[in-house]
Amino acid sequence: MLRKRDRSERLSLSRQGSNTAPPAIAWLMSQALAHPDLISLAAGFTDNDFLPVAEARELVERIFGESERARATLQYGPGVGVTRLRELTAGRLERQDGQAPGSLDPASVLVTNGSQQLLYILTEALCDPGDLILVEDPTYFVFLSIMQSRGIAARTVPMCPDGLDLESLDRVLDRLRREGELPRLKMLYSVTYFQNPTGISTSFEKKRGTLELLRRYEADAGHPLYYVEDAVYREMSFPDSVPAASALALPEFRERIIYTGTYSKPFATGVRVGFGLLPSFLHEVAFNIKSSHDFGTAHLLQEILVEALDTGIYDRHREKISRGYALKAQAMVEAVTEWFPPEARFTRPEGGLSMWVELPQTIETGPESSFFGETMRQGVLYVPGEYAFADDPIRPCPRSSLRLAFGNTKTERIRQGIERLGAALRARC
Ligand SMILES: Cc1ncc(COP(=O)(O)O)c(C=O)c1O
């Protein structure tokens, strides 16, 4: 934990410096470190045993086996990203979306330091303090931290099993229009595949419906309303699931779609390479901001991915881990089914790294709750669901859900952890 800042230190900070709280997850991680025996179902990490060690060694050897290429790789690379990686990325998305080759322009790809960097850059490029972003309810809590630190407010849209509730979205937009708030709205942020935290995937029709609604309200906003499709878990699908096409398969909306994706999650989270496809004018703005951040994503890491994609190593690895995560998710679902009380409602993951459980409202799960305290004493850590709900003046914050990650916990420990959580829950139902 950080020590308390004294007055003069506080005065030295910018507004953003003071507003940037340590991410909620950092506190959870510090608990896990302080109590090594804790069964952590909190961290959204990938499985250490699944990391491609031998593959990475081979890839690096291939790159350094050619001295010219090695030299180039050890130099700064193009700030927008390595050309071959941008081409491979555009081609990959075309195939995933069932689109004709050449329908996506590699020039629209910006390679970033994980997709996380792009999410941050987007808020810098589009939002001033006091602006608004529409988010799913619940949503990726680290994105909420970015918004909070940058003074951007959220309006929430409830979710259905196939993505955003479009009637509610229409109502929220209409309300913003009536209140004269639409000019403050800049984008809608949606995690469309195996959403973190709920596991929900957004259907293609919902993507189209969302874009149509946003378009309808643009005249009152006075500027474009962007649809940010965060597809970070798209390549983390389990073997039997068939992910829908992305919004990029709707060329008539291309100028309003910002697609963010990653190679980091499916391959190796330490290889911090993500990417975005952006409308051309925004691509330029985002690139300018990124250049001020870092002159470009690490060249060596990008070359590792180029090699992994070109040789097929990336896809073979992805298939292997997909089976591994499916088995872990299944173990977690079976344990929840066995040990949790029947009142608990939960999603069955079809991809991603976590599952979502909603409990009766009488059971609060926040970090100050007696339930959280008891489960810590029982040696189990989860992410309190309330972290994933934005502050929104139009609804009270739900406080009775849990996000349970199966990514980096061994199957036997997952079962033990769920059994302990279940015992604490049954005592309260
Ligand atoms: C919903 C979501 N978006 C984006 C990210 C960022 O991932 P990365 O920077 O590794 O691409 C994460 C990471 O957990 C995430 O859960």
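Examine the stretch 67-82 for a residue that is closer than 30 Å to Leu104 by Cα, assigned to a helix (DSSP H, G or I) and not hydrophobic (A, V, I, L, M, F, W, C), and state whether such a residue exists.
Yes, the stretch 67-82 contains at least one residue that is closer than 30 Å to Leu104 by Cα, assigned to a helix (DSSP H, G or I) and not hydrophobic (A, V, I, L, M, F, W, C).
Rundown of residues vs (1) over 18 Å from the mean Cα position of the chain (by Cα); (2) outside the structural domain of Leu85 (by TED's automatic domain parsing); (3) surrounded by fewer than 16 Cβ atoms within 10 Å (Cβ to Cβ), yes/no style:
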{"residue": "Pro106", "(1), (2), (3)": "yes, no, no"}
{"residue": "Asn113", "(1), (2), (3)": "no, no, no"}
{"residue": "Gly151", "(1), (2), (3)": "yes, no, yes"}
{"residue": "Met159", "(1), (2), (3)": "no, no, no"}
{"residue": "Leu164", "(1), (2), (3)": "no, no, no"}
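So, Asp47, is that one surrounded by fewer than 10 Cβ atoms within 10 Å (Cβ to Cβ) and more than 20 Å from Thr260 (Cβ to Cβ) or not?
Against the criterion (surrounded by fewer than 10 Cβ atoms within 10 Å (Cβ to Cβ) and more than 20 Å from Thr260 (Cβ to Cβ)), Asp47 does not qualify.
(1) closer than 30 Å to Arg420 by Cβ; (2) of a type in the set (D, E, K, R); (3) within 16 Å of the ligand (Cβ to nearest atom): which one isn't true of Arg348, the others all being true?
(3)
How many residues, within the stretch 218-267, are hydroxyl-bearing (Ser, Thr, Tyr), assigned to a loop (DSSP other than H, G, I, E, B) and either more than 10 Å from the ligand (Cβ to nearest atom) or surrounded by fewer than 24 Cβ atoms within 10 Å (Cβ to Cβ) (or both)?
Adding up the residues that qualify gives 3.
Take the stretch 375-429 and flag every residue that is among the basic types (Lys, Arg) and either buried (at least 16 other Cβ atoms within 10 Å of the Cβ) or closer than 30 Å to Pro266 by Cβ (or both). Write out each step before concluding.
Of all residues in the stretch 375-429, those among the basic types (Lys, Arg) come to 377, 395, 399, 403, 410, 413, 415, 420, 426, 428.
The answer is Arg399, Arg403, Lys410, Arg413, Arg415, Arg420.
Table: residues versus (1) touching a Ser or Thr at 6+ places or on another chain (Cβ under 6 Å); (2) under 30 Å from Asp174 (Cα atoms).
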residue: Arg215; (1), (2): no, yes
residue: Thr262; (1), (2): yes, no
residue: Ala268; (1), (2): no, no
residue: Leu301; (1), (2): no, no
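When Gly270 is evaluated against the numbered criteria (1) within 16 Å of the ligand (Cβ to nearest atom); (2) in a helix (DSSP H, G or I); (3) among the small types (Gly, Ala, Ser); (4) surrounded by fewer than 18 Cβ atoms within 10 Å (Cβ to Cβ), which criterion, by number, is the only one it fails?
All conditions pass for Gly270, except number (2).
So which residues in the stretch 385-406 are touching a Pro at 6+ places or on another chain (Cβ under 6 Å) and either over 15 Å from Phe143 (Cβ atoms) or assigned to a helix (DSSP H, G or I) (or both), if there are any at all?
Ala388
Please enumerate the residues belonging to the stretch 182-197 that are surrounded by 16 or more Cβ atoms within 10 Å (Cβ to Cβ) and more than 16 Å from the ligand (Cβ to nearest atom). Give the derivation first.
If we filter the stretch 182-197 for residues that are surrounded by 16 or more Cβ atoms within 10 Å (Cβ to Cβ), which is where we start, we get 182, 184-197.
Matches in the stretch 182-197: Leu182, Arg184, Leu185, Lys186.
The values are calculated or read from the model by the stated rules, or taken from the named source; none is laboratory data. Since this is a predicted model, take the numbers as computed values, not measurements. Please note: Cβ atoms are built from the backbone with ideal geometry, for glycine as well, and neighbour counts cover all protein chains shown.
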